[in-house]
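Take a look at the structure below.
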Amino acid sequence: MQPENFVQDMGHDIYAVDAGYVRPGLAASHLIVSGERAAFIDTGTANSIPRLLGALNYLGLSPECVSHVLLTHIHLDHAGGAGQLMQSLPEATLFVHPRGARHMTDPAKLIQGTRAVYGDAEYRRLYGEIVPVAGERVHEVADGEVTSVGVRELKLLHTRGHANHHYSIVDPAAKAIFSGDSFGVSYRELDTDNGEFIIPTTTPVHFDPEAAHASIDLMLSFEPEAIFLTHYSKVTSIARLAKDLHADIDAFVAIAEGCEDREDRMQNIADGMRDYVWQRLSEHGYRGGDRQREDVLGMDIELNSMGLDVWLSRMTAA
């Protein structure tokens, strides 16, 4: 595939690179360019790396220009390709939350856990070969620290709720935030005349509703004009989307709590969430049928249900 088919200019020297994960428009890596320097935010999987390097070449940048690889968190659709990418970027430092750093230098547990869920063949199909990053090239991100890409300053904020090893990147020059999964997921196939549609990500194993609410409010305090999501890229109706996320987090928790004593709890949570989200889509003006909704959001519904089930077990055991 030619780079013009997977690289999109988002303005302010920001480029979205479709990571090619599962389907088009599902996962993005973002590239920031500042003078003679550049930074990648999230890497996709190991299978995504030819696209990221192709994007550099397409934009006339050398691998030596990249000073930063910023991982919002270490889930494999965001960070699985970090080791292979770093091998091709001799001047880059990997920026990762302190809770995730050891998994980048020794990814054995990440690999083991993912293989246990998917099986070896599916693991390799989805994620490719995960390789470690040398410890001296890894920087552990402090909450609130500022780093410079060329002449562009970025502020890094710990944003729990989706994962305990998550941070987000504030880019004042673009009046934007790169939120990883802390500001939900919003797929362009679901846009209507009413704008963008969004839902939270409550995936295993660290979902924390109070922290998720707090992270959204923290991002809003910077008054961004745009937020760049890994799933998928730029959204601009920030106040409305934040209100929807807050309401959905509460609704998802209520659905889970309502299923606490049911025999097949996780499936009941998934059914309740699907009913709730499908209703929201209809109210948003989306006219696609159940098949189209499932194609876009089915994987998120299942993962969110698993996360809520794990959260509920944690709460009832406390």
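The values are calculated or read from the model by the stated rules, or taken from the named source; none is laboratory data. Predicted model, so just to flag it, every value in this text is computed and none were measured. Here the Cβ is made from the backbone with ideal geometry for all residues, glycine too, and neighbour counts use every protein chain on show.
A single entry from GLU122, GLU145, GLU153, GLU189 fulfils the requirement of being without any contact (Cβ under 8 Å) to a residue 12 or more places away in the chain and within 27 Å of THR236 (Cα to Cα): GLU145.
For (1) among the hydrophobic types (A, V, I, L, M, F, W, C); (2) closer than 23 Å to LYS175 by Cβ, each residue gets a yes or a no:
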position: SER34; (1), (2): no, yes
position: LEU52; (1), (2): yes, no
position: GLY60; (1), (2): no, no
position: GLU64; (1), (2): no, no
position: GLN84; (1), (2): no, no
position: LEU89; (1), (2): yes, no
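The set of residues in region 272-318 being small (Gly, Ala, Ser), crowded, with 17+ Cβ neighbours inside 10 Å and either in a loop (DSSP other than H, G, I, E, B) or touching a residue at least 24 places away in the same chain (Cβ under 8 Å) (or both) consists of SER305, GLY307. Remark: pairs (first residue in region 93-116, assigned to a loop (DSSP other than H, G, I, E, B); second residue surrounded by 18 or more Cβ atoms within 10 Å (Cβ to Cβ); Cβ separation under 6 Å; 6+ apart in sequence or on different chains) = HIS97/VAL141; HIS97/HIS165; HIS97/TYR167; ARG99/HIS165; GLY100/ILE74; GLY100/HIS165; PRO107/ILE130. Residues in region 93-114 that are surrounded by 14 or more Cβ atoms within 10 Å (Cβ to Cβ), within 14 Å of HIS75 (Cα to Cα) and in contact with a His (Cβ under 7 Å, 6 or more places away or on another chain): HIS97, ARG99, GLY100, LEU110.
Take the conditions farther than 30 Å from GLY35 by Cβ, surrounded by fewer than 12 Cβ atoms within 10 Å (Cβ to Cβ) and either aliphatic (A, V, I, L, M) or touching a Phe, Trp or Tyr at 6+ places or on another chain (Cβ under 7 Å) (or both) and apply them to VAL117. Does it pass? Yes. For region 1-55, the tally of residues that are under 15 Å from LYS234 (Cβ atoms), in a loop (DSSP other than H, G, I, E, B) and over 16 Å from the mean Cα position of the chain (by Cα) stands at 4. State whether the residues of region 187-196 include one that is closer than 23 Å to MET266 by Cβ, surrounded by 15 or more Cβ atoms within 10 Å (Cβ to Cβ) and touching a Ser or Thr at 6+ places or on another chain (Cβ under 9 Å). Checked against the condition, which is being closer than 23 Å to MET266 by Cβ, surrounded by 15 or more Cβ atoms within 10 Å (Cβ to Cβ) and touching a Ser or Thr at 6+ places or on another chain (Cβ under 9 Å), region 187-196 yields no hits at all.
The set of residues from region 56-100 being of a type in the set (A, V, I, L, M, F, W, C) and under 17 Å from the mean Cα position of the chain (by Cα) comprises VAL69, LEU70, LEU71, ILE74, LEU76, ALA79, ALA82, LEU94, PHE95, VAL96. Mind checking whether some residue in region 206-216 is under 25 Å from VAL33 (Cα atoms), assigned by TED's automatic domain parsing to the domain that holds GLY150, in contact with a Ser or Thr (Cβ under 6 Å, 6 or more places away or on another chain) and surrounded by 23 or more Cβ atoms within 10 Å (Cβ to Cβ)? Within region 206-216 (the criterion being under 25 Å from VAL33 (Cα atoms), assigned by TED's automatic domain parsing to the domain that holds GLY150, in contact with a Ser or Thr (Cβ under 6 Å, 6 or more places away or on another chain) and surrounded by 23 or more Cβ atoms within 10 Å (Cβ to Cβ)), the answer is no, since none of the residues qualifies. Every test in (1) assigned to a helix (DSSP H, G or I); (2) within 14 Å of GLY184 (Cβ to Cβ); (3) charged (D, E, K, R) is passed by GLU257 save one, and that test is (2). The conditions are (1) crowded, with 22+ Cβ neighbours inside 10 Å; (2) outside any helix (DSSP H, G or I), and LEU85 fails exactly one of them. Which is it? Failed condition: (2). Taking region 171-222 as the range and being in a helix (DSSP H, G or I), closer than 30 Å to LEU312 by Cα and touching a strand residue (DSSP E or B) at 6+ places or on another chain (Cβ under 6 Å) as the test, only MET219 passes. Considering the conditions (1) out of contact with any Phe, Trp or Tyr (no Cβ under 9 Å at 6 or more places or on another chain); (2) of a type in the set (A, V, I, L, M); (3) under 21 Å from MET306 (Cβ atoms), VAL146 is excluded by exactly one of them, (3).
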